[in-house]
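Only one structure is covered here, and it is reproduced in the block below.
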Amino acid sequence: MAASGRQVGKYMYKNNRILLTNVEQVLFHRNFGGISALRQQAAEASKADSSEPIAIPRKKVWSNESVLEALAMTVRRDPTTFPYQFQDDPYLSPRTTAEFKLYSVSQESGRSAAKYFVNNYPKFFTKDFAEPHIPCLMPDDVSLRLEEVSEEALKERISLKKVKAAVDMYDQLLQAGTSVSMETTHNLLDLICLFSDRDPVQEGGTGDMEESGKDATKRKGNVRQASDLRKLTWKENNNAERIFNLLPERDTRCYSALIRGMVKHGAYAKAFSLYTDLLNNRLTADVHIFNALISAVGEVRDKYTERWGLIAEILNQMSGQKIQPNLQTFNSVLKALRRCGSLAKPLALQTLSEMAALRIAPSLATFDHVLAIFYKAATSGQGNVDILQSVMSELAGKSLTCQDPGDVMFFSDAMRVCLDYKELGLGYEIQNLVDVGENWRLLGDTYQASVYHARFFNLLCTMENIDVVLMWYKKLIPSLHYLHSEGLRHLLQALDTDSRLDMLPTIWKDIRSLGHDNKPDLIGDLLTLMERDKHSPEVQESFAVCALEIKSAFDGSKNIGRASLEWGNVTLSQVTSLLLRANKIQEAWKMLQLFKEKNRVPPKELFEDFLSACRSEGSAQRAVELVQLSAAFCLHVTPKLAKLTLAEFDLSEEQRIILSELESVTEPVD
């Protein structure tokens with residue numbers, strides 16, 4: 001049996017080997033045939049595509065900031081925190097409007113001081129730890145390296161914006177008989193005309209600028225604001241004019257520098273005179289000269305027709321000299337038309353048609369000028385709204401870039417139109433456009449953005465449901481906007497309109513946190529709404545707590561740096577009434593004593609309410625004292641109060657004698 005088993009095993013092993021060999025040969029032939037077919041198809045495809053070049057994709061090059069940019073895209077604004085600019089130091093995050101203004105100015109002042117020291121003492125700031133390198137955090141090279149008299153030294157001074165040093169170097173070159181290239185002369189004239197022949201103000205410095213006696217008198221005794229920046233004026237026969245007159249040959253670029261500088265610094269008539277000199281020398285102006293002259297039309301002509309006549313003359317000369325207008329040309333025309341009264345509306349449409357014919361896309365400043373023209377010229381609000389609707393249809397969903405300095409005025413002015421004409425839908429369209437990409441950067445500086453958000457929130461309070469208003473309130477305050485007292489007053493009106501007065505204590509907390517708890521008018525409006533109607537016990541309790549906090553605000557208003565609050569008769573009565581409705585008799589009695597301290601006379605209705613509270617509490621002694629206090633104020637209601645107290649309270653004999661005497665007192669005659 002064992003031998004036969006081994007033979008069977010050898011036979012099976014031999015057959016398995018033969019079977020496996022046959023299978024491998026079959027698979028080999030099939031694979032070989034498949035490979036041959038594939039090779040044949042590839043060869044045919046290569047022959048067919050041999051005439052077409054192979055496009056190899058370029059390697060993607062990532063910048064050093066790519067990771068930071070990718071991370072930044074994942075972060076959204078937190079509406080519950082303070083503005084981003086104050087998040088570096090949470091202990092200095094402004095919680096009130098006054099603190100926001102103070103910290104903003106302080107932060108800018110500190111930044112200017114830091115730049116001043118970094119730029120003037122760069123040797124102390126040589127180490128760079130930032131990775132990747134951040135050029136704006138490193139000191140600028142403001143020191144002069146070339147001391148010899150040469151054109152290269154002049155170029156260095158021009159690049160560093162050192163006006164006086166550049167003029168001195170130019171004079172030394174002329175005295176040495178060295179000619180200066182026309183390109184360098186152009187750059188020098190541009191520098192002098194830009195800064196009106198003065199060195200620019202250094203960061204943190206005071207600058208070398210003069211102010212007129214009128215402006216100085218106007219600002220005397222007032223806190224210097226950002227709008228009080230001293231304006232540079234064009235001096236007669238300054239270095240720009242002197243160098244210009246010394247030039248053996250003057251080209252258009254030289255005239256352009258002076259004309260633009262004169263317009264920038266207020267020498268409008270002189271700019272037109274210099275333009276006439278350019279024409280007399282048979283030179284052709286450039287587009288920048290025409291733009292500057294158009295923007296100065298309103299300063300050299302008084303009548304509307306004369307202004308437009310001069311604009312038309314400039315445009316005709318521009319056409320005659322074959323100068324192609326640009327966006328700034330049309331924006332200058334529209335800006336000048338804003339001061340042309342009733343002539344502006346048809347001429348503005350004509351200007352826009354000309355822009356379309358030349359395929360010049362308008363900027364936000366263009367639309368802002370158009371809105372201003374139609375807003376003043378239209379006799380009804382319908383025309384203004386139609387124009388704004390057309391503008392928003394044109395801009396919807398677009399990511400915008402700044403092309404004109406006036407672009408930052410569009411959003412706030414457009415929202416003003418929506419607020420004036422109660423156009424909530426258009427207001428939302430404007431806000432949606434602000435949220436597209438980085439369009440929010442075109443809101444302007446901090447003040448301009450604050451104006452926009454204030455107008456948008458006031459529009460919401462006027463037209464929107466209170467739940468939506470509160471949603472936007474949480475979204476905007478204080479991460480984007482610090483409400484002023486007027487905005488809070490609009491919010492109170494919205495709560496009153498939708499009968500949501502139960503939210504008043506919450507709004508009062510925000511009023512305190514925003515630093516408006518020293519505004520008598522705002523506190524008066526809040527107390528009026530709380531005291532006007534009676535509510536549920538829970539609401540009345542919250543109103544009473546709010547009233548006590550208001551009382552503490554009046555008591556603590558004598559602090560240094562805060563406007564003092566003075567108790568008025570109405571305010572005292574409202575706070576006392578709110579305390580009585582919440583059955584806070586002891587606190588209300590203190591308020592009555594406060595009337596006496598402040599020499600105020602409480603109204604008779606307040607004594608009647610107080611007597612009702614004493615009745616519900618069962619306090620006979622307090623009722624007697626109330627009647628005595630009424631008699632001390634010589635109120636007409638004293639006999640009535642005494643009679644009611646005698647009838648409704650369980651009194652002692654001594655108390656009855658006192659009240660009987662007060663009841664018999666004859667009412668004073670008015």
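Exactly one residue out of V163, V118, V149 is over 29 Å from E249 (Cα atoms) and of a type in the set (A, V, I, L, M, F, W, C): that is V118. Just so you know, in the range 479-499 the residues that are among the polar types (S, T, N, Q) and farther than 17 Å from V468 by Cβ include one that is least open to solvent (accessible area, probe 1.4 Å), and it is S479. Within the range 589-624, if we keep just the residues that are out of contact with any Phe, Trp or Tyr (no Cβ under 7 Å at 6 or more places or on another chain) and of a type in the set (G, A, S), the residue that is nearest to F554 (Cα to Cα) turns out to be A613. Of a type outside the set (A, V, I, L, M, F, W, C) and over 17 Å from G524 (Cα atoms), is that true of K590? Here the answer is yes, as K590 does meet what is asked. Restricting the range 407-450 to residues that are in a helix (DSSP H, G or I) and closer than 16 Å to P83 by Cα, the residue that is most open to solvent (accessible area, probe 1.4 Å) is Y447. For beta carbons closer than 7 Å, sequence separation of 6+ or different chains, a first residue in the range 241-270 that is farther than 15 Å from L283 by Cα and charged (D, E, K, R) and a second that is open to solvent by 40 Å² or more (accessible area, probe 1.4 Å) and assigned to a helix (DSSP H, G or I), the qualifying pairs are R260/H288.
For M262, the criteria (1) of a type in the set (A, V, I, L, M); (2) under 18 Å from V370 (Cβ atoms); (3) touching a Leu at 6+ places or on another chain (Cβ under 8 Å) hold in every case but one, which is (2). Here K47 clears all of (1) surrounded by fewer than 10 Cβ atoms within 10 Å (Cβ to Cβ); (2) of a type in the set (K, R); (3) at pLDDT 75 or above; (4) in a helix (DSSP H, G or I) except the condition numbered (3).
Can you name the residue in the range 176-195 that is without any contact (Cβ under 8 Å) to a residue 60 or more places away in the chain and of a type outside the set (A, V, I, L, M, F, W, C) and, of all such residues, is most open to solvent (accessible area, probe 1.4 Å)? By that ranking, first place goes to E183. Consider the range 285-306 and keep the residues that are β-branched (V, I, T) and surrounded by fewer than 15 Cβ atoms within 10 Å (Cβ to Cβ). The one that is farthest from Y255 (Cα to Cα) is T305. For the condition of a type in the set (V, I, T), farther than 16 Å from A348 by Cβ, in a loop (DSSP other than H, G, I, E, B) and without any contact (Cβ under 8 Å) to a residue 60 or more places away in the chain, what is the one hit in T401, T462? The conditions single out T401. Quick one: in the range 529-544, which of the residues that are touching a residue at least 40 places away in the same chain (Cβ under 8 Å) and touching a helix residue (DSSP H, G or I) at 6+ places or on another chain (Cβ under 7 Å) is surrounded by the most Cβ atoms within 10 Å (Cβ to Cβ)? By that ranking, first place goes to M530. Return the residues of the range 508-521 that are part of a helix (DSSP H, G or I) and either surrounded by fewer than 19 Cβ atoms within 10 Å (Cβ to Cβ) or modelled with pLDDT of 95 or more (or both); say none if nothing qualifies. Residues satisfying the conditions are K509, D510, R512, S513, P520, D521. Do you know which residues across the range 307-330 are part of a loop (DSSP other than H, G, I, E, B) and either loosely packed, with under 12 Cβ neighbours inside 10 Å or of a type in the set (D, E) (or both)? K322, Q324, listed by residue number. Filtered by the rule that a residue be open to solvent by less than 10 Å² (accessible area, probe 1.4 Å) and closer than 13 Å to D78 by Cα, the range 461-478 gives a lone residue, L476. The set of residues from the range 332-353 being within 15 Å of E299 (Cα to Cα) and open to solvent by 50 Å² or more (accessible area, probe 1.4 Å) comprises K335, R338, R339. Considered as a group, the residues in the range 331-348 that are part of a helix (DSSP H, G or I) and charged (D, E, K, R) include one that is modelled with the lowest pLDDT, and that residue is K345.
The values are calculated or read from the model by the stated rules, or taken from the named source; none is laboratory data. Being a predicted model, the structure only gives us computed values, none of them experimental. Glycine gets a Cβ as well: all are built from the backbone with ideal geometry, and neighbour counts include every protein chain shown. These area figures cover heavy atoms from the full protein model, side chains too; ligands, DNA and RNA do not enter into them. Shrake-Rupley method; radii C 1.70, N 1.55, O 1.52, S 1.80 Å.
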